[in-house]
1. How about the stretch 20-32: which of its residues are surrounded by fewer than 16 Cβ atoms within 10 Å (Cβ to Cβ) and of a type in the set (D, E, K, R)?
2. Please work out which residue is nearest to ILE134 (Cα to Cα), limiting yourself to the stretch 48-93 and to residues that are touching a residue at least 60 places away in the same chain (Cβ under 8 Å) and charged (D, E, K, R).
3. Give the stretch 143-157 a look and list any residue that's touching a strand residue (DSSP E or B) at 6+ places or on another chain (Cβ under 9 Å) and open to solvent by less than 80 Å² (accessible area, probe 1.4 Å), or say none.
4. Give the number of residues within the stretch 49-73 that are of a type in the set (Gly, Ala, Ser), assigned to a loop (DSSP other than H, G, I, E, B) and at pLDDT 95 or above.
5. Residues to consider are ASP46, ASP35; find the one that is open to solvent by 50 Å² or more (accessible area, probe 1.4 Å) and part of a loop (DSSP other than H, G, I, E, B).
6. When the residues of the stretch 50-67 are filtered to those that are open to solvent by 20 Å² or more (accessible area, probe 1.4 Å) and over 16 Å from the mean Cα position of the chain (by Cα), which remaining residue is farthest from LEU113 (Cα to Cα)?
7. Of the residues ILE45, ILE14, which is farther than 21 Å from ILE134 by Cβ and touching a Lys or Arg at 6+ places or on another chain (Cβ under 8 Å)?
8. Have a look at ALA92, ALA87 and point out the one that is open to solvent by less than 30 Å² (accessible area, probe 1.4 Å), farther than 26 Å from LYS42 by Cβ and more than 16 Å from the chain's Cα centre (by Cα).
Amino acid sequence: MTIWTTRPETTNDITAIRDINLAAFPTSGEADLVDALRADPKAWIDGLSMVTEGSDGTLVGHALLTRCLVDGAPALALAPCAVRPSAQRTGAGSAAIRAALDSARSMGENLVLVLGHSDYYPRFGFTPASGFGIRAPFEVPDEAMMAMALDDTRPVPTGTIQYPAAFGV
C-alpha cells in the first residue's frame, strides 16, 4: 500500500482540487460545491480542506470539512471527498479523511457528519447519526446519514442538521 502525504490546502492547490473533483465525479457538482463552500466565510474553516500528495508532489485526493449546525450547535460536514481515478482504492482518500478528522480534533471540534456509503465511512468511526439523535433535513436511509464524536467525553447536540447554503438543502 502507498504511503500518502497529506496537508491542508493552499491557494496554489485550488485548481488541482477542482480538477480532482471533476475527474472523480460524473458532473461538476462536487467541484462547484467546493468552490462555493470556499467562498462562504460561515462555512469555510482554514485547515480543514486536506489534500493527498503522491510521491512526486502531484495532488491526487481531497477531503473537505465545513461548518454546519445541529439545531444551532456547531458541527462539521464531511463532503465532498474525491480521489483521481488513477489513485482510487490506494488509500489516498482515506489518508485525506483521516488528516481532516485529526485536524478537526486538534482544533477542538467535536461532531462530524457525513452522508455516504455505510460500508466505507464506519472504518473511520462513523455510525448512524440517528444513534446520536441527529437527523438530516431531508429523507435519507438511516445507515447513510452518519456521525462521529471526536471526543466522546463531550456532549453531542441532537436535532436536525443545518447545512451551509452551498449544499442547496
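The values are calculated or read from the model by the stated rules, or taken from the named source; none is laboratory data. Keep in mind the model is a prediction, meaning the values are calculated, not measured. Every residue, glycine as well, gets a Cβ built from its backbone with ideal geometry; the counts of neighbours run over all protein chains shown. For the accessible areas, the whole protein counts, side chains as well, though only heavy atoms, and no ligand, DNA or RNA atoms are used. Shrake-Rupley method; radii C 1.70, N 1.55, O 1.52, S 1.80 Å.
1. Going through the stretch 20-32, the residues surrounded by fewer than 16 Cβ atoms within 10 Å (Cβ to Cβ) turn out to be 25-29, 32.
If the condition is that a residue be surrounded by fewer than 16 Cβ atoms within 10 Å (Cβ to Cβ) and of a type in the set (D, E, K, R), then ASP32 is the only one that fits.
2. ASP71
3. ALA144, MET145, MET146, ALA147, MET148, ALA149, LEU150, VAL156, PRO157
4. Of the residues in the stretch 49-73, the ones of a type in the set (Gly, Ala, Ser) are 49, 54-55, 57, 61, 63, 72-73.
Keeping just the survivors that are assigned to a loop (DSSP other than H, G, I, E, B) gives 54-55, 57, 72.
Keeping just the survivors that are at pLDDT 95 or above gives 72.
The qualifying residues number 1.
5. Numbers: ASP35 fails: part of a loop (DSSP other than H, G, I, E, B).
None of the other options fit; the residue is ASP46.
6. Start the filter on the stretch 50-67 by keeping residues that are open to solvent by 20 Å² or more (accessible area, probe 1.4 Å), which leaves 53, 55-58, 67.
Next, only the ones that are over 16 Å from the mean Cα position of the chain (by Cα) stay: 53, 55-58.
Values: GLU53: 25, SER55: 31, ASP56: 32, GLY57: 30, THR58: 29 Å.
Taking the candidates together, the pick is ASP56.
7. Numbers: ILE45 fails: farther than 21 Å from ILE134 by Cβ.
It is ILE14.
8. Details: ALA92 fails: more than 16 Å from the chain's Cα centre (by Cα).
Exactly one residue qualifies, and that residue is ALA87.
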